[in-house]
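Asks: Starting off with a structure, shown below.
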């Protein structure tokens with residue numbers, strides 16, 4: 001009989017305004033387990049390692065195949081998606097904690113609405129005339145499409161904000177994800193017609209100037225989005241745009 | 001036009017859309033574009049909706065490969081693939097709208113794969129001989145959803161769309177005359193229950209995979225909203241038609257989809273027979289080979305594993321092989337699939353064949369709607385996977401995304417017509433109508449939070465429901481087993497009365513919404529099971545060895561389930577087959 005178990009240590013918090021605390025759990029091991037399965041076990045039978053009854057741990061998840069971006073959390077000190085993190089590859093006890101750059105709602109569940117607000121701010125869309133039939137869109141070289149596709153896979157998961165030292169309580173920095181989206185829309189044949197608006201949107205106190213080029217974002221991104229490349233490109237663009245602006249004055 | 005705007009100003013209708021996947025967002029965009037302000041409700045931030053999981057493509061007969069494809073051919077394939085159970089006029093409308101929808105998405109900036117000339121590339125899916133599906137790598141659904149999410153954000157920034165993310169739909173608000181006048185919903189963080197008056201409510205609440213415990217669906221796809229309005233009098237149609245996708249990676253938490261596009265690009269299914277690889281689909285279906293429709297491929301794998309006992313190493317698994325394909329093609333066209341398989345299974349599909357097994361994927365059935373996407377409850381509309389209209393008895397790959405967009409386009413027209421024609425708006429409805437519904441829903445919560453301390457674990461009930469549904473109400477169905485499954489579901493409903501919540505807090509407590517959703521799932525599970533039990537024939541995804549043939553004489557009709565206190569009551573209506581005459585379906 002297999003008596004192997006999985007030992008977890010989870011940072012918990014009942015409400016946003018309450019202090020956090022730790023609880024430990026031990027659950028039966030099965031092959032091919034991921035962190036979600038472990039949390040589901042606790043949900044079904046919330047008893048601590050010490051045998052105390054407790055409330056189920058609350059966390060965020062949805063697709064369970066790393067495409068929705070919901071289940072980001074800090075696992076053994078590293079921010080990542082819980083669904084694609086396999087238990088077999090982790091040291092025990094497995095330590096789970098909520099991301100630190102977003103307000104905690106409860107336990108591992110955080111509020112990432114600031115990221116969606118940033119997408120509003122940078123005008124992250126193609127301003128089409130309407131949804132009626134206006135014929136095909138612009139042609140695009142497959143090589144350009146492939147590059148753009150890398151950026152269009154951003155799932156707003158928040159990992160890049162979590163690891164960015166410039167995203168902190170003293171700064172308003174919108175973080176790398178939104179900048180990657182500026183790169184995406186400004187390269188699109190229609191989107192580039194409004195690129196100046198998006199440039200303006202990232203020139204403020206919450207904008208690109210905050211980036212200190214630590215390059216953590218690109219390492220933490222679960223989709224390997226070349227975020228630092230985007231930031232470098234945008235910096236170049238903005239330099240020219242700034243010079244042109246001075247000339248126009 | 002000006003007159004229409006004048007009329008609208010006077011009426012200023014309130015519109016609510018529930019669900020932030022492709023169908024919900026397309027509906028929202030179509031209405032916002034016409035100047036209507038609306039509320040958009042979703043369990044999750046809309047960008048995380050289940051549409052992101054669609055992988056392979058979206059069909060539209062643009063005929064970009066010189067094959068002579070046409071919307072009529074697409075229509076023909078869809079009706080035939082659906083085994084003639086779909087009403088034909090709306091399917092024809094959808095297929096005709098396809099090419100324009102692709103153009104629209106292209107203009108919105110969807111990163112579709114391109115040909116060397118910079119045009120949209122197309123690939124072939126099951127059940128057709130044409131390269132008809134536009135695709136963006138293997139995350140087509142994600143790319144389409146993001147495009148709509150961006151357009152919705154634009155209207156949100158302009159103040160036309162107000163989002164209620166993190167709200168769970170509990171019920172429709174229905175007045176004395178039986179007209180839908182709004183909805184009741186619960187905030188998942190504060191657990192506040194509120195009613196929202198609306199002249200029209202559009203349900204775009206997606207699939208029902210969670211009823212089967214494990215499926216390819218996201219965990220929010222629980223059918224709870226559809227079930228809630230079914231219990232309020234909406235008909236649920238063709239519930240027995242459940243699509244089982246041939247290729248998923250079995251997992252304890254979910255069945256992860258391996259896109260049909262793997263076979264479009266040359267992937268082959270096989271297992272060992274007499275010590276040698278046996279490509280069973282290629283042998284059994286020499287014309288379509290690995291690209292037969294999903295119901296046929298799934299049944300073939302079941303036959304190989306259960307009947308012939310030829311699964312890999314005696315397990316219920318077969319190989320899906322892409323090791324012979326050009327690595328460059330895999331990279332640009334199948335990258336996402338390879339990534340998922342590698343991450344979750346730890347093996348490289350470029351080197352080792354993938355191991356897969358069929359899994360619950362999609363519901364062809366759903367809320368009954370008329371050609372205007374309206375349910376039998378006036379003012380309550382349904383669109384996307386939660387309705388039944390476009391796929392008949394089996395859906396073709398890459399048609400679901402299309403049906404979401406087309407349904408949303410219809411909503412853009414029909415909701416306007418309906419609200420314009422209303423005698424009196426929601427403002428004239430007495431407040432007691434809303435108070436009554438609010439009280440009813442609040443009472444359910446109070447009861448669960450205060451007194452649910454019984455011995456039954458809701459998660460255990462859910463597990464048992466999922467196991468029974470998966471075993472008896474998927475690929476192969478026997479009447480005896482269906483009957484027993486319904487008894488089991490009734491037993492579970494009985495045990496539900498004695499559940500205990502393991503968290504009774506009033507802040508961000510998922511146990512409460514789960515308990516509520518579980519009840520609705522059980523009710524809908526009965527609809528699926530009873531509808532399957534009644535249909536004594538085999539058609540599309542519904543297969544009974546005891547009745548192996550399609551029986552048009554008795555069963556060319558739509559199942560309509562109505563809620564009663566004694567269980568689902570079935571009635572039937574004829575299918576509109578006025579455009580293509582039914583003929584036997586052979587691949």
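The values are calculated or read from the model by the stated rules, or taken from the named source; none is laboratory data. Everything numeric in this text was worked out from a predicted model, so none of it was measured. Heads up, the Cβs are rebuilt from the backbone with ideal geometry, glycines too, and the neighbour counts pull from every protein chain shown.
Asks: Would you mind finding the one in B:75, B:41 that is at pLDDT 95 or above, away from chain A (no Cβ under 11 Å) and assigned to a helix (DSSP H, G or I)?
Replies: B:75
Asks: Then there's this: Which condition number in (1) under 28 Å from residue A:226 (Cβ atoms); (2) surrounded by 22 or more Cβ atoms within 10 Å (Cβ to Cβ); (3) within 24 Å of the chain's Cα centre (by Cα); (4) at the interface with another protein chain (Cβ under 7 Å from one of its Cβ atoms) is the one that residue A:167 fails?
Replies: Only one criterion in (1) under 28 Å from residue A:226 (Cβ atoms); (2) surrounded by 22 or more Cβ atoms within 10 Å (Cβ to Cβ); (3) within 24 Å of the chain's Cα centre (by Cα); (4) at the interface with another protein chain (Cβ under 7 Å from one of its Cβ atoms) is unmet by residue A:167, namely (4).
Asks: Right, next: If a residue must be closer than 24 Å to residue B:147 by Cα and surrounded by fewer than 24 Cβ atoms within 10 Å (Cβ to Cβ), how many such residues does region B:64-97 contain? I'd like the intermediate steps shown before the answer.
Replies: Within region B:64-97, the first condition is being closer than 24 Å to residue B:147 by Cα, and the residues that meet it are B:64, B:93-97.
Subsequent filtering for residues that are surrounded by fewer than 24 Cβ atoms within 10 Å (Cβ to Cβ) retains B:64, B:93, B:96-97.
The total comes to 4.
Asks: Could you please let me know if residue B:226 is touching a strand residue (DSSP E or B) at 6+ places or on another chain (Cβ under 7 Å), within 28 Å of residue B:503 (Cβ to Cβ) and assigned to a strand (DSSP E or B)? Steps first, please.
Replies: On the way: touching a strand residue (DSSP E or B) at 6+ places or on another chain (Cβ under 7 Å): yes; within 28 Å of residue B:503 (Cβ to Cβ): yes; assigned to a strand (DSSP E or B): no.
So residue B:226 does not fit the description; no.
Asks: Does region B:441-451 contain at least one residue that is within 14 Å of another protein chain (Cβ to nearest Cβ) and either in contact (Cβ under 8 Å) with a residue 60 or more places away in the chain or assigned to a helix (DSSP H, G or I) (or both)?
Replies: yes
Asks: Step by step: first the residues of region B:321-349, then only those that are over 19 Å from residue B:123 (Cβ atoms) and over 28 Å from the mean Cα position of the chain (by Cα), then the one that is surrounded by the most Cβ atoms within 10 Å (Cβ to Cβ). Which residue is that?
Replies: That would be B:323.
Asks: Suppose we filter A:193, A:155 for residues that are modelled with pLDDT of 95 or more and either touching a helix residue (DSSP H, G or I) at 6+ places or on another chain (Cβ under 6 Å) or under 21 Å from residue A:69 (Cα atoms) (or both); which single one remains?
Replies: It is A:155.
Asks: Quick test of your reading of the structure: residue B:154 fulfils all but one of (1) at the interface with another protein chain (Cβ under 10 Å from one of its Cβ atoms); (2) part of a helix (DSSP H, G or I); (3) touching a helix residue (DSSP H, G or I) at 6+ places or on another chain (Cβ under 8 Å). Name the failing condition by number.
Replies: (3)
Here's the yes/no breakdown for (1) modelled with pLDDT of 95 or more; (2) farther than 22 Å from residue B:30 by Cα; (3) within 14 Å of another protein chain (Cβ to nearest Cβ):
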site	(1), (2), (3)
B:323	yes, yes, no
B:343	no, yes, yes
B:354	yes, yes, no
B:414	yes, no, no
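Asks: If you don't mind, another one. From B:144, B:160, grab the single residue that is touching a residue at least 24 places away in the same chain (Cβ under 8 Å), in contact with a helix residue (DSSP H, G or I) (Cβ under 9 Å, 6 or more places away or on another chain) and within 12 Å of chain A (Cβ to nearest Cβ).
Replies: Numbers: B:160 fails: within 12 Å of chain A (Cβ to nearest Cβ).
None of the other options fit; the residue is B:144.
Asks: Look at region B:488-500 and say how many of its residues are touching a strand residue (DSSP E or B) at 6+ places or on another chain (Cβ under 8 Å) and crowded, with 16+ Cβ neighbours inside 10 Å.
Replies: Counting residues in region B:488-500 that are touching a strand residue (DSSP E or B) at 6+ places or on another chain (Cβ under 8 Å) and crowded, with 16+ Cβ neighbours inside 10 Å gives 4.
Asks: When you scan region B:59-68, do you find a residue that is free of Cβ contacts under 8 Å to residues at least 24 places away in the same chain, out of contact with any strand residue (DSSP E or B) (no Cβ under 8 Å at 6 or more places or on another chain) and at negative phi, even just one?
Replies: No, the conditions are met nowhere in region B:59-68.
Asks: Output the residues belonging to region B:44-53 that are more than 20 Å from residue B:409 (Cα to Cα) and in a loop (DSSP other than H, G, I, E, B).
Replies: Hits for region B:44-53 are B:44, B:45.
Asks: Residue B:85: in contact with a strand residue (DSSP E or B) (Cβ under 9 Å, 6 or more places away or on another chain), over 27 Å from residue B:368 (Cβ atoms) and modelled with pLDDT of 95 or more, yes or no?
Replies: Criteria not met by residue B:85.
Asks: Right, here's the next one. Check region B:209-220 and report whether any residue there is in a loop (DSSP other than H, G, I, E, B), away from chain A (no Cβ under 14 Å) and modelled with pLDDT of 95 or more. Walk me through it before giving the result.
Replies: Step one: list which residues in region B:209-220 are in a loop (DSSP other than H, G, I, E, B), which gives B:213-220.
Narrowing further to those that are away from chain A (no Cβ under 14 Å): none.
No, that holds for no residue.
Asks: Taking region A:14-39 as the region of interest, how many residues are outside any strand (DSSP E or B) and under 23 Å from residue B:459 (Cβ atoms)? First the steps, then the outcome.
Replies: Filtering region A:14-39 for residues outside any strand (DSSP E or B) gives A:14-20, A:29-33, A:35-39.
From what is left, the residues that are under 23 Å from residue B:459 (Cβ atoms) are A:14, A:29-33, A:35-39.
Total satisfying the criteria: 11.
Asks: Another question, then. Kindly establish whether residue B:480 is at negative phi, outside any loop (DSSP other than H, G, I, E, B) and away from chain A (no Cβ under 14 Å).
Replies: yes
Asks: Pull out all pairs, ordered by first then second residue, where Cβ-Cβ is under 7 Å, the residues are six or more apart or on different chains, the first lies in region B:188-203 and is within 14 Å of chain A (Cβ to nearest Cβ), and the second is in a strand (DSSP E or B) and modelled with pLDDT of 95 or more.
Replies: Here the result reads B:188/B:167; B:188/B:168; B:189/A:105, each pair linking region B:188-203 to a residue that is in a strand (DSSP E or B) and modelled with pLDDT of 95 or more.
Asks: Any idea which of B:68, B:57 is closer than 22 Å to residue B:22 by Cβ and away from every other protein chain (no Cβ under 12 Å)?
Replies: B:57
Asks: If you scan region B:519-534, which residues turn out to be touching a strand residue (DSSP E or B) at 6+ places or on another chain (Cβ under 6 Å) and surrounded by fewer than 24 Cβ atoms within 10 Å (Cβ to Cβ)? Step through it out loud before you land on a result.
Replies: Within region B:519-534, the first condition is being touching a strand residue (DSSP E or B) at 6+ places or on another chain (Cβ under 6 Å), and the residues that meet it are B:527, B:531, B:534.
B:534, the sole residue that qualifies.
Asks: Further question on the same structure: Output the number of residues of region A:7-34 satisfying the condition of being within 13 Å of chain B (Cβ to nearest Cβ) and in contact with a helix residue (DSSP H, G or I) (Cβ under 7 Å, 6 or more places away or on another chain).
Replies: Here is the first cut: in region A:7-34, the ones within 13 Å of chain B (Cβ to nearest Cβ) are A:12-18, A:27-34.
With the extra rule that they be in contact with a helix residue (DSSP H, G or I) (Cβ under 7 Å, 6 or more places away or on another chain), the set shrinks to A:27, A:33-34.
Qualifying residue count for the region: 3.
Yes/no per residue for (1) at the interface with chain B (Cβ under 9 Å from one of its Cβ atoms); (2) closer than 30 Å to residue A:29 by Cβ:
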| residue | (1), (2) |
| --- | --- |
| A:65 | yes, yes |
| A:74 | no, yes |
| A:89 | yes, yes |
| A:94 | no, yes |
| A:116 | yes, no |
| A:119 | yes, no |
| A:123 | yes, no |
| A:138 | yes, no |
| A:147 | no, no |
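Asks: Restricting attention to region B:504-532, and to residues there that are in a helix (DSSP H, G or I) and within 16 Å of residue B:187 (Cβ to Cβ), which single residue is farthest from the other protein chains (Cβ to nearest Cβ)?
Replies: B:516
Asks: Looking only at strands (runs of 3 or more DSSP E) that fall completely inside region B:238-296, which ones have 1 or more residues that are within 25 Å of residue B:220 (Cα to Cα)?
Replies: Qualifying strands (runs of 3 or more DSSP E): B:242-249.
Asks: Here is a list of conditions, (1) within 21 Å of residue B:48 (Cβ to Cβ); (2) modelled with pLDDT of 95 or more; (3) at the interface with chain A (Cβ under 9 Å from one of its Cβ atoms), and residue B:137 meets all of them except one; can you say which number that is?
Replies: (2)
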